[in-house]
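Right, one structure below, let's go through it.
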Amino acid sequence: MIPPPPMDKLGQALRQNTLVRIIEQFGEQHPDSHLKDLVIDEMGPGREIVVGGHRVVNFGSDSFLGLDQHPRVQQAVERGLERWGTHNGASRAFSSVRANIEAEEKLADWLGVESVLIYPSVMLANLGAIPGLVGRQDVVVLDEQAHHSMQEAAKIAKANGAKVAAFAHNDPVALEETLKGLRPYRCALICIDGVYSMSGVIPPMAELNGVARAHDGVLYIDDAHGTGVLGKQGQGTVLDALGSYENTFVVGSLSKAFSCAGGFIGCPESFHRLLKIRSSPYVFGGPVVPPYLEAIDTVIDILRSEEYEGLRSRLDVHIASLTQGLSELGLVVIGGATPIVSVLVGDEGDTLNAGKFLFDRGYYVQSVLFPAVPYHGGVLRVQCNANHDDNQIRGLLDAFAALAPMIIRSRSQGGVTGFDPVALTA
Ligand SMILES: Cc1ncc(COP(=O)(O)O)c(C=O)c1O
C-alpha cells in the first residue's frame with residue numbers, strides 16, 4: 001500500500017488532537033447554533049452589525065467606551081495615515097516612526113510609569129517579555145488562571161531552561177508555598193492578570209506583591225482588560241491596588257478599550273532597552289502600524305478629559321441595569337467590576353443554543369466554551385458598551401427573560417437537557 005503523503009499524515013494526526021476533536025465536534029453537533037468564527041458584513045449604525053443578513057446589536061466587542069467609533073479617534077488614524085503611510089515596513093530593531101516614541105512617552109506619562117515599550121499585541125508582548133526576562137536560574141510562577149498568552153510564554157521560558165510552576169487562583173498562601181518549593185532560584189517572575197476577564201475578579205495584588213518581595217519575586221501583571229476602562233483616567237487596576245508600580249511590570253492593551261492596536265509593557269527605565277534586546281517578537285516581528293500609533297495620543301487625551309467620566313458613567317449605568325436585570329431573572333451572573341457580564345449556562349450545547357436564541361432575537365453575545373472556561377462551565381459573555389443605548393439594554397434583558405427558564409432548567413438538570421429553543425418560542 002502506498003503510504004499517505006506527509007501533508008495528509010499531518011492533517012490526520014492533528015484531527016486526533018483532543019482540542020481539535022472537541023471543537024470540531026461542537027461545530028458538527030450544533031451547526032445551526034455554532035456562532036463562532038463569524039464574519040461581520042457591515043458595521044453600524046451605533047453598535048449594530050450585520051452577520052449573514054441578520055442585523056443584530058453587538059454585545060461582543062471589547063471597545064468598551066465605544067472609542068472605535070469616536071470621530072476624533074478616527075480622524076487621528078487618518079492623520080497618521082497621511083503622516084506616515086500604511087506601514088513603516090521594518091522591525092523596530094531597525095527603525096521606529098516618531099509616532100511610536102511619542103506614543104510610548106505619552107503612555108508612560110499617563111500611566112505614571114518610568115517607561116513604556118509598545119508591542120504589536122499583548123499576546124506578543126507576553127510571548128516576548130516573559131521568556132526574555134528570565135534565565136536558567138530563574139523561575140516563572142503563574143496563577144493557574146493567568147491568561148493563555150502568559151501560559152504559552154512560560155512554555156518558551158521553560159524550553160529555555162527556566163523552572164515554571166503554577167499556584168492556586170488568587171491565593172497568596174499557595175504562591176508562598178510554591179515559591180518555597182522552587183528554591184533554590186535567583187529571581188521569580190510571578191504572572192497574574194490585573195482583572196480576570198471571565199470572572200471580573202481583581203486579584204489580591206498587595207498580598208501577592210508582599211509574598212513576591214519576601215521571596216525574590218517581581219510581579220508581572222497583564223492588565224489588558226483594565227487598561228483604558230478601569231481606575232482613574234482608565235489607568236487600570238494596578239495603581240489602585242498597589243499605590244505604586246514598584247516591583248511590577250504592568251502590561252496594557254491598546255486594542256480593547258483603547259480601540260487602537262497593540263499592547264505595551266510599563267517598566268522601570270532601566271528595563272526599556274533590556275526588553276527590546278530580549279523580546280523576540282519585538283526584534284523579529286513587525287510593529288503596530290503608524291496610523292494607530294497616532295490615535296493612541298488622542299485616546300489618552302480623551303481618557304484624561306471630562307469626556308472619560310461621561311463615557312464611564314454611561315457604561316456604569318448599563319453594567320448596573322444589566323447585572324441587576326439578569327440576577328432578577330434568577331440567572332447566575334458573574335462579573336460586575338468590568339464591563340463584561342457573564343451568565344453561567346454550563347453545558348456546551350446549551351450555551352451555543354442560548355447564544356443562538358439571543359441572536360435570533362437581534363442580540364449577539366459570545367457563547368464561551370471550554371477551553372476558555374472549564375469544561376461544562378459554558379457562559380454567555382455580554383460585553384457592555386458606552387455606545388449602547390438604553391433600549392438596546394432593555395431589549396437584551398427582554399430576550400434573556402424569554403431564555404432564562406431554559407438556562408435554569410438546563411442547570412438544574414446538570415446541564416445536559418437537549419435544550420430546545422424552538423420549544424420555548426412556540
Ligand atoms: C488578559 C489578556 N491578555 C492578553 C490578551 C491578548 O491581547 P491581544 O489581543 O492584544 O493579543 C487578552 C485578550 O483577550 C487578555 O484578555
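The values are calculated or read from the model by the stated rules, or taken from the named source; none is laboratory data. Remember, predicted model here, so these are calculated numbers, not experimental data. Here the Cβ positions follow ideal geometry from the backbone for every residue, glycine too, while neighbour counts run over all protein chains shown.
Residues are listed down the side, and each one gets a yes or a no for (1) of a type in the set (Gly, Ala, Ser); (2) modelled with pLDDT of 95 or more; (3) outside the structural domain of Gly236 (by TED's automatic domain parsing):
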residue: Val365; (1), (2), (3): no, yes, yes
residue: Phe370; (1), (2), (3): no, no, yes
residue: Pro374; (1), (2), (3): no, no, yes
residue: Pro405; (1), (2), (3): no, yes, yes
residue: Gly414; (1), (2), (3): yes, no, yes
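Look through Val122, Val134, Val116 and report the one residue that is in the same structural domain as Val211 (by TED's automatic domain parsing) and away from the ligand (no atom under 16 Å from the Cβ). Let's see the steps before the verdict.
Numbers: Val122 fails: away from the ligand (no atom under 16 Å from the Cβ); Val116 fails: away from the ligand (no atom under 16 Å from the Cβ).
Exactly one residue qualifies, and that residue is Val134.
In segment 258-285, how many are touching an Asp or Glu at 6+ places or on another chain (Cβ under 7 Å) and more than 19 Å from Glu105 (Cβ to Cβ)?
Here the count works out to 1.
Checking the structure you have, find out if any residue of segment 67-81 is outside any helix (DSSP H, G or I), among the basic types (Lys, Arg) and under 27 Å from Glu309 (Cβ atoms).
Within segment 67-81, the first condition is being outside any helix (DSSP H, G or I), and the residues that meet it are 70.
So of that shortlist, the ones also among the basic types (Lys, Arg) come out as none.
No: segment 67-81 contains no residue that is outside any helix (DSSP H, G or I), among the basic types (Lys, Arg) and under 27 Å from Glu309 (Cβ atoms).
Can you tell me which residues in segment 193-212 are at pLDDT 95 or above, in contact with a strand residue (DSSP E or B) (Cβ under 9 Å, 6 or more places away or on another chain) and more than 10 Å from the ligand (Cβ to nearest atom)?
The answer is Pro203, Met205, Leu208, Asn209, Val211, Ala212.
Determine, yes or no, whether Pro268 is within 12 Å of the ligand (Cβ to nearest atom), outside the structural domain of Gln383 (by TED's automatic domain parsing) and under 27 Å from Asp143 (Cα atoms). Break it down stepwise before answering.
Numbers: within 12 Å of the ligand (Cβ to nearest atom): no; outside the structural domain of Gln383 (by TED's automatic domain parsing): yes; under 27 Å from Asp143 (Cα atoms): yes.
The answer is no for Pro268.
Yes/no matrix, rows are residues, columns are (1) touching a Phe, Trp or Tyr at 6+ places or on another chain (Cβ under 8 Å); (2) within 29 Å of Arg314 (Cβ to Cβ):
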position	(1), (2)
Gly44	no, yes
Glu82	no, no
Leu117	yes, no
Val139	yes, no
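Sort out for me the strands (runs of 3 or more DSSP E) sitting completely within segment 324-375 that have 1 or more residues that are in contact with a Lys or Arg (Cβ under 8 Å, 6 or more places away or on another chain) and among the hydrophobic types (A, V, I, L, M, F, W, C). Break it down stepwise before answering.
Numbers: elements: 333-335, 340-346, 366-368.
Fully inside segment 324-375 and qualifying: 340-346, 366-368.
What pairs come up if the first residue lies in segment 360-377 and is within 23 Å of Gly46 (Cβ to Cβ), the second is of a type in the set (S, T, N, Q), and their beta carbons are under 7 Å apart, counting only those six or more places apart or on different chains?
Tyr364/Asn58; Ser367/Thr351
Restricting to segment 395-415, what's the tally of residues that are without any contact (Cβ under 8 Å) to a residue 12 or more places away in the chain and under 30 Å from Pro71 (Cα atoms)?
Adding up the residues that qualify gives 0.
Among the residues in segment 232-243, are any within 16 Å of the ligand (Cβ to nearest atom), touching a strand residue (DSSP E or B) at 6+ places or on another chain (Cβ under 8 Å), in the same structural domain as Tyr196 (by TED's automatic domain parsing) and more than 17 Å from Ser197 (Cβ to Cβ)?
No, segment 232-243 contains no residue that is within 16 Å of the ligand (Cβ to nearest atom), touching a strand residue (DSSP E or B) at 6+ places or on another chain (Cβ under 8 Å), in the same structural domain as Tyr196 (by TED's automatic domain parsing) and more than 17 Å from Ser197 (Cβ to Cβ).
Tell me whether segment 323-333 contains one or more residues that are under 23 Å from Ala224 (Cα atoms) and either touching a Cys at 6+ places or on another chain (Cβ under 8 Å) or of a type in the set (Val, Ile, Thr) (or both).
So in segment 323-333, the residues under 23 Å from Ala224 (Cα atoms) come out as 323, 333.
Pick out the ones that are also either touching a Cys at 6+ places or on another chain (Cβ under 8 Å) or of a type in the set (Val, Ile, Thr) (or both) and you get 323, 333.
Checked against the condition, which is being under 23 Å from Ala224 (Cα atoms) and either touching a Cys at 6+ places or on another chain (Cβ under 8 Å) or of a type in the set (Val, Ile, Thr) (or both), segment 323-333 yields at least one hit.
Would you call Thr248 more than 16 Å from the ligand (Cβ to nearest atom) and under 22 Å from the mean Cα position of the chain (by Cα)?
So Thr248 fails the test.
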